[in-house]
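Colleague: A single structure is presented below for examination.
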Amino acid sequence: MFSRTLSRSVNAALVATVCALVSGMSQAAPPHDDTVSVKVSTAGIDLNTAAGAQLFFTRLTVAAQQACGVEAEFDALRAAKFDHCYKEALGNAVRALSQPAITRVYVAHYPRDAARYGIDDRGYVADR
């Protein structure tokens with residue numbers, strides 16, 4: 001389930017929605033006029049397990065894809081914009097969540113992007 005506004009910029013709404021759902025709050029901050037809000041459910045997921053973190057990460061990736069729109073395979077400019085939107089939305093959401101297991105999954109999938117979005121799983125080494 002998702003709602004769209006005029007633009008495909010995702011960061012604030014996706015991060016706010018994800019953080020609100022994970023922390024148990026009932027409402028996220030209202031989205032800006034140029035944002036897309038995508039709700040990501042934690043229903044049935046234990047975020048403290050590797051399997052739960054992987055499942056939630058998959059839900060985050062789908063939400064980022066939905067919020068950023070359709071990737072244009074044959075249009076290099078649109079494909080680049082989609083890629084940037086997707087990576088930024090996903091990176092910002094994972095950083096804002098600050099959940100060790102989800103951070104580890106993200107870093108495993110996107111090791112080059114982790115530093116760009118301020119994501120570091122070295123602080124979680126003791127948790128492994």
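Colleague: Go through the stretch 48-61 residue by residue and turn each phi into a ³J(HN,Hα) via Karplus (6.51, -1.76, 1.60, θ = phi - 60°); whole Hz please, and just put x for glycine and proline.
Modeller: Result, rounded to whole Hz: 8, 10, 4, 5, x, 5, 5, 5, 5, 4, 4, 4, 4, 5.
Colleague: Give me a comma-separated list of calculated 3J(HN,Hα) values for the stretch 75-87, in order, Karplus coefficients 6.51, -1.76, 1.60 applied at θ = phi - 60°, integers in Hz, x for any Gly or Pro.
Modeller: 10, 4, 5, 5, 5, 5, 5, 4, 4, 4, 4, 4, 5
Colleague: Taking the mean number of other Cβ atoms within 10 Å as a proxy for protection, how do you rank 79-88, 96-105 from highest to lowest? Display every interim value, and only then the final one.
Modeller: Numbers: 79-88: 15.9, 96-105: 19.8.
Ranking the peptides 79-88, 96-105 by packing returns 96-105, 79-88.
Colleague: Excluding VAL105 itself, what net charge comes from residues whose Cβ is under 12 Å from its Cβ, given Lys and Arg +1 and Asp and Glu -1?
Modeller: +1
Colleague: Given H placed 1.01 Å from N in the peptide plane, which residues other than close sequence neighbours of SER37 have an amide H under 5 Å from its amide H?
Modeller: For SER37, whose amide H was placed from the backbone, the distant partners under 5 Å are SER3, THR5.
Here, each number is a calculation from the coordinates, and none is a lab measurement. Predicted model only: the values in this text are computed from it and were never measured. Reconstructed Cβ throughout: ideal geometry from the backbone, glycine too, with neighbour counts over all protein chains shown.
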